[in-house]
Amino acid sequence: MKVAFLGLGAIGAPMARHLAPRYELSVWNRTAARATQFAKETDCVAASSPAECARGAAVVITCLPTSREVEGLLDWGEGMFNALDRGATLVDCTSGDPATSRRIAARIATKGVGFIDAPVSGGVSGAMKGTLTIMCGGDEATMARARPILEAFGEKIVLCGPVGAGHAVKAVNQAMLGVHIWALSEGLVALQKAGVSTETALDVINASSGRSNTSMNLFPERVMTRAFPRTFKLALMDKDVRIAADFAREYGVPSPLLQLASELLREARRELGEEADHVETVQVLEKWAGVQLGKKP
Ligand code: NDP
């Protein structure tokens, strides 16, 4: 069975790597050198356009920054839209937005192509291990066709609702992540100013009810070490939290915290730039307060 994968970025590449030994895999990347290198390493085919990549594939997977780029592929060059086979399924692993996905799904349905939004969680390390959580939106019959392929890199795969539901759940998850990073940064900076070391504070919080993945893993591994590896861009988290804030507003849900989190992350992105990692957000709070976490108070 032919599977196509478009978007070999930080998380796309390790996801696609699991597909190469299992399927007849065709890959495409905007920067062609990345696809050529990937194909050489995994013994698959590097396509020269999205249309060539998707042609003849039963399942086409996309993993791009936003839904806008995914929609753009449909008309890229000769157009991936024209190349999709009737009966094929487009699985979008981008952390996208529900409204654009509904539009894409409606358009490709006109030629008998199914759509599943299937954003992932678990980071680059989860992608490498093949243990991602995948939250999906779509109908059950289309999901049944997508699931075996998703199992190559996913461990917990959940159909959350109709098209767009996966993206909505992902956005809310990302909002939680953004809020945790921001709130923990504010709290630890204040504690440091009050003479409590970050090490002591994290030790206590991580044995208490305020703990989170952010306090248990991200801060010890990335902030305490000052390593700040660049695995997931702040620009992408900003985009995700904005999707959550817009989504809540679209449904008329009072959401002051989501709206504020979105504004704060936009400001952090402005200060730190497009290449900064999401955990580097803490450096904005450190700068504002004039302290560095992990240093002796
Ligand atoms: P990267 O920035 O590392 O990669 C982005 C990919 O999209 C690259 O292949 C890039 O191509 C391609 N691309 C960018 N702009 C365009 C465009 N206009 N047209 C076509 N292709 C384009 O992002 P990630 O891999 O980190 O993220 C991809 C998606 O996965 C995002 O939605 C993100 O939110 C989500 N995600 C990421 C996680 C992570 O830990 N990194 C975790 C969970 C979800 P090129 O090589 O040419 O730049």
Given the criteria assigned to a helix (DSSP H, G or I) and either closer than 25 Å to Arg17 by Cβ or within 16 Å of the ligand (Cβ to nearest atom) (or both), does Thr133 qualify? no
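Across the stretch 45-102, what is the number of residues that are of a type in the set (Ser, Thr, Tyr) and either part of a strand (DSSP E or B) or over 22 Å from the mean Cα position of the chain (by Cα) (or both)?
At the first step, the residues of the stretch 45-102 found to be of a type in the set (Ser, Thr, Tyr) are 48-49, 62, 66-67, 89, 94-95, 100-101.
Still in the running and either part of a strand (DSSP E or B) or over 22 Å from the mean Cα position of the chain (by Cα) (or both): 48-49, 62, 89.
Residues meeting the conditions: 4.
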Touching a Lys or Arg at 6+ places or on another chain (Cβ under 7 Å), buried (at least 19 other Cβ atoms within 10 Å of the Cβ) and at pLDDT 95 or above: is that true of Ala57 in this structure? yes
Complete set of residues in the stretch 250-259 that are modelled with pLDDT of 95 or more, surrounded by fewer than 21 Cβ atoms within 10 Å (Cβ to Cβ), in contact with a helix residue (DSSP H, G or I) (Cβ under 9 Å, 6 or more places away or on another chain) and part of a helix (DSSP H, G or I): Leu257, Gln259
Does Thr200 satisfy the condition of being in contact with a Phe, Trp or Tyr (Cβ under 9 Å, 6 or more places away or on another chain), of a type in the set (S, T, N, Q), at negative phi and away from the ligand (no atom under 16 Å from the Cβ)? no
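From the list Gly210, Gly195, Gly294, exactly one residue is assigned to a loop (DSSP other than H, G, I, E, B), surrounded by fewer than 16 Cβ atoms within 10 Å (Cβ to Cβ) and touching a residue at least 40 places away in the same chain (Cβ under 8 Å). Which is it?
Numbers: Gly210 fails: touching a residue at least 40 places away in the same chain (Cβ under 8 Å); Gly294 fails: surrounded by fewer than 16 Cβ atoms within 10 Å (Cβ to Cβ).
Matching residue, one of Gly210, Gly195, Gly294: Gly195.
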Could you list all residues from the stretch 55-80 that are away from the ligand (no atom under 11 Å from the Cβ), touching a residue at least 12 places away in the same chain (Cβ under 8 Å) and out of contact with any Cys (no Cβ under 8 Å at 6 or more places or on another chain)? Arg55, Gly56, Ala57, Ala58, Val59, Leu74, Gly77, Glu78, Gly79
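Each row is one residue, and each column tells you yes or no for (1) within 30 Å of Glu275 (Cα to Cα); (2) hydroxyl-bearing (Ser, Thr, Tyr); (3) surrounded by 21 or more Cβ atoms within 10 Å (Cβ to Cβ).
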{"site": "Ser48", "(1), (2), (3)": "yes, yes, no"}
{"site": "Cys63", "(1), (2), (3)": "yes, no, yes"}
{"site": "Val70", "(1), (2), (3)": "yes, no, yes"}
{"site": "Asp75", "(1), (2), (3)": "yes, no, no"}
{"site": "Thr89", "(1), (2), (3)": "no, yes, yes"}
{"site": "Cys93", "(1), (2), (3)": "yes, no, yes"}
{"site": "Ile104", "(1), (2), (3)": "yes, no, yes"}
Close pairs (8 angstrom Cβ cut-off, 6 or more residues apart or separate chains): free of Cβ contacts under 8 Å to residues at least 40 places away in the same chain and more than 10 Å from the ligand (Cβ to nearest atom) in the stretch 8-28, among the acidic types (Asp, Glu) and not in a loop (DSSP other than H, G, I, E, B) anywhere: Ser26/Glu52
Condition set surrounded by 19 or more Cβ atoms within 10 Å (Cβ to Cβ) and within 9 Å of the ligand (Cβ to nearest atom), scope the stretch 29-39, selection nearest to the chain's Cα centre (by Cα): answer is Asn29
Just need a number here: residues in the stretch 138-173 that are surrounded by fewer than 24 Cβ atoms within 10 Å (Cβ to Cβ), among the basic types (Lys, Arg) and part of a helix (DSSP H, G or I). 2
If Ala245 satisfies all but one of (1) within 12 Å of the ligand (Cβ to nearest atom); (2) in contact with a helix residue (DSSP H, G or I) (Cβ under 6 Å, 6 or more places away or on another chain); (3) in a helix (DSSP H, G or I), what's the number of the condition it fails? (1)
Being under 20 Å from Ala141 (Cβ atoms) and either within 13 Å of the ligand (Cβ to nearest atom) or modelled with pLDDT of 95 or more (or both) is the requirement here; does Arg102 meet it? yes
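The values are calculated or read from the model by the stated rules, or taken from the named source; none is laboratory data. This is a predicted model, so every value here is computed, not measured. As a convention, Cβ positions derive from the backbone with ideal geometry for all residues, glycine included, and neighbour counts pool all protein chains shown.
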